[in-house]
Structure formats: C-alpha cells, structure tokens
Amino acid sequence: MPALTDLFTVPVVQAPMAGGASCPSLAAEVSEAGGLGFLAAGYKSAAAMTEEIERLRTLTSRPFGVNLFMPQTGTPDRQAVEAYRGRLTGEAEWYGVELGDPYGPADDAFDAKVAALTADPVPVVSFTFGCPDRAVLEAFGRAGTYTVVTVTSVAEARAARTAGADAVCVQGLEAGGHQGTHVDDPERDGAGAGLLTLVTAVRECVGLPVVAAGGIMRGGQVAAVLAAGASAAQLGTAFLVCPESGANALHKRAMTDPAFSHTELTRAFSGRPARGLVNRFLREHGGFAPAAYPALHFLTSGLRKAAAAKGDPQGMALWAGQGHRLARELPAARLVHTLAAELDAARSGAAGR
C-alpha cells in the first residue's frame, strides 16, 4: 500500500463535488499536473460511476480517487417533510415543475459501488457522511486501494482509525457544500471547529495522515495546513470555477458576483447542513427545512434543475466555501501549478524569517 504522499507530487487534492462539477476532465487535469484528482460518485448509479472511471483512465495514468456517500439510516419525519413539501408548492408553480418524490432510496447504491470498485480497483476511495465498517475497508485494502474517511471532529477521526481507514479528510466549518458529519444532529448545526484547530487536534489525538479541507484558496493556506500537520490540502470551490469543471455556468459566475456576498450553512436544498451562497431560496426556506436527508434532496431536485434551466441562480444550490471571493478562473492544471508556486513562496518566506 502506498503512502498518502506517494499519490501526488503537489500536495493538492481536488475535492469530489457531487452534482457534476467533479467530472473526468477536471480530475484528469489535476492529476496530470501533479495533484490528486477526484470523481464524485454521489447521486450516481454504479454503472454511471464506472463509466466516468473508464473515461478518466483514458485521460490520465496518474493516481486519482473516487468518493462514495455512506448509506443513510433512519426514517425521515414524514410530517416534517410533508410540511416542507407544502411550503414549496409555490416554488413548483413558479418554475413549472413537479416536486420530487422525497422517499427514494437512501443508500445511494453504496453496496453496488463498493462491489464495482473492489472488482476493478482505483487508487483511492474516500467516504462522506459516515465511516464504513472494518470489512469494507479491509476489502479495499486487499484490492490495493487507499481509503480516506471524511471527518468533522476528533471523535469521528478516532472512529475512522478504529475501523481501519488509511487516512482522514478533516473538514473544517469553512468548507463549501455538505458537512460530512457522521451523525446528522440539528443541535450541532454550525458547531464544528475551524480547519486549523481541527487539523491540529486530529493529528495529536489520532495520528492518521490528514487531508485538510475547508476554505482553502491559495498556496499560502496550503502551507498553513501543512504546517499544522496535514499531508495535503483539499480544495473544492477553487476548482469549481475552472473551465474543465462540470459546474453550471451560473454557479461559476456567482462565486465572484458581488450580489452573492457571503455563505451560510443551510438545510434548504437537501435536508443536511451544507454551505452555500446566500440566495433567495436559502433566505426564504432555510429556516423551515427539517433534518431529512436525502428526502429533501429528492424533493427539491426538479426545482434546482428548473431554476438552472431558466437562468435563475436565486433558486439554485450554489455550494461554496467561505473563500469563494478568492476564486480564480484558471485552467485546472495552471491552478495546481500556481498553488505549488505560492506554496513554495510561503515556505521560502517562512524559512527566511
């Protein structure tokens, strides 16, 4: 099994952004430039995931990763979901679509994806929204796949170590998109730690290699998380605006649009806390959204697609980290090289002092 640092020459990991941004062309460019590109298998079938992997393999021979969503347990509060459905009927009429069925499968085809990835292994597999049991991680280990579990606390990192993960992706509160908490507890919304504090605590308490994620947009910030004990930095929002990204053009433009000045954590679109640009939909509905993932994801899917089709970013889920205004519309490979140069400059400056 390779070490984490054997998987890249530049300690930059492109975050797996579910919903289309993390496509084969983006992952390939990042890996070819020396970073570690990632595909996002969330919301896809096992067959669609395999098709993207096959496409990526035609574009690069460098290491890359695939991210899986853990199955969600428990039954959503139907009364709360139906109340939210009622609240969104006006949105459906406005956009001319039907609301989705909120009671679809909550396992995200996890078992089928694990079977496909152990039968035809990829270099790295990461997990979000929980930690697999030891049997799953050992199966990947036998296949020669390096495993990474997303964590948002020291307790979650300890659970990942106990289960046999090779590394953890430590996600600070600054991160865009969904918070990868293992247990969805509404009472802890917004209670997570900042990235530098969390990286230091995990390294001291757990000892596993760390990939640091959350609000990182510059090479100097990469240097900071490496100094705090991380082996690499994971960037999502920074790569979302690249031309190779599969994100919607409206989403890309919103990153630096003064009309979208800040981000908040919200359950409005999916039922799980996720950081996005504050728009009309988030303001009007965020305070009423129950903790019901993936029920609300299914419920609002058609609305979000219709808003994008109508060119209306005010109805879209504009996931973004706190550093979104620092986004640079650079080709992905050039962004990796720029980050590497900034990292070197930051290290040289620190050594000079």
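Bear in mind that the values in this text are calculations on the coordinates, not laboratory data. All values derive from a computational prediction rather than experimental measurement. Backbone-built Cβ (ideal geometry, glycine too); neighbour counts: all protein chains shown.
For segment 174-198 and segment 200-220, compute the distance between their C-alpha centroids and round to whole Å. So the separation of the two Cα centres works out to 14 Å. Each of 113, 44, 305 was scored by other Cβ atoms within 10 Å of its Cβ. Arranged with the fewest first, they read 305, 44, 113. In order along segment 102-110, the Karplus-derived 3J(HN,Hα) couplings, from 6.51 cos²θ - 1.76 cosθ + 1.60 at θ = phi - 60°, round to x, 10, x, x, 9, 9, 6, 6, 4 Hz, and Gly and Pro are given as x.
When the scattering of segment 1-71 is computed by the Debye formula from its Cα atoms alone, each counted once and equally, what is log10 I(q)/I(0) at q = 0.27 Å⁻¹? Result of the Debye calculation: -1.21. Neighbour counts of C-beta atoms inside 10 Å place 310, 252 in the sequence 310, 252, starting with the fewest.
For segment 199-352, the Cα gyration tensor yields ellipsoid semi-axes of 32, 20, 12 Å (square root of five times each eigenvalue, largest first, whole Å).
Descending by average beta-carbon neighbour count within 10 Å, the peptides 287-294, 162-169 line up as 162-169, 287-294, the highest first. In terms of modelled amide H atoms, which long-range or inter-chain residues lie less than 5 Å from the amide H of residue 33? Distant-sequence amide H within range of residue 33: zero hits. Distance between Cα centroids, segment 52-76 to segment 112-142: provide it in whole Å. Measuring centre to centre over Cα atoms gives 10 Å. When averaged across all projection directions, what area in nm² does the alpha-carbon convex hull of the chain cover? With the hull built on Cα positions only, its mean projection is 16.5 nm². Using the Karplus relation 6.51 cos²θ - 1.76 cosθ + 1.60 with θ = phi - 60°, the per-residue 3J(HN,Hα) values for segment 140-149 come to 5, x, 5, 7, x, 9, 7, 10, 10, 10 Hz, with x marking Gly and Pro.
Amide H contacts under 5 Å for residue 39: 65, 66, 67, restricted to partners 5 or more places along the chain or on a different chain, H placed in the peptide plane at 1.01 Å from N.
Between segment 236-257 and segment 278-328, how far is it from one alpha carbon centroid to the other, in angstrom? Between the Cα centre of segment 236-257 and that of segment 278-328, the gap is 15 Å.
Take the Cβ-Cβ distance between residue 205 and residue 138 as r, set R0 to 25 Å, and report the resulting FRET efficiency rounded to the nearest 0.05. Spell out each step's value before the answer.
Details: r = 24 Å, r/R0 = 0.94.
It comes out at approximately 0.60.
Among 1, 255, the ranking by other beta carbons within 10 Å of each residue's beta carbon, starting with the fewest, stands as 1, 255.
Summed over qualifying helices (DSSP H, 4 residues or more, each -39500 (n - 2.57)) and divided by its residue number, the chain shows a 222 nm mean residue ellipticity of -12000 deg cm²/dmol.
Peptides 326-336, 184-194, ordered by how many other C-beta atoms sit within 10 Å of their residues on average, highest first, read 326-336, 184-194. Around the amide H of residue 330, modelled in the peptide plane, lies no amide H under 5 Å away from a residue 5 or more places distant or on another chain.
What percent do you get for the relative contact order of segment 212-273 when only Cα pairs under 8 Å and 6+ apart count? Before the final figure, lay out the partial values.
On the way: 40 pairs, mean separation 13.9, N = 62.
So the answer I get is 22 percent.
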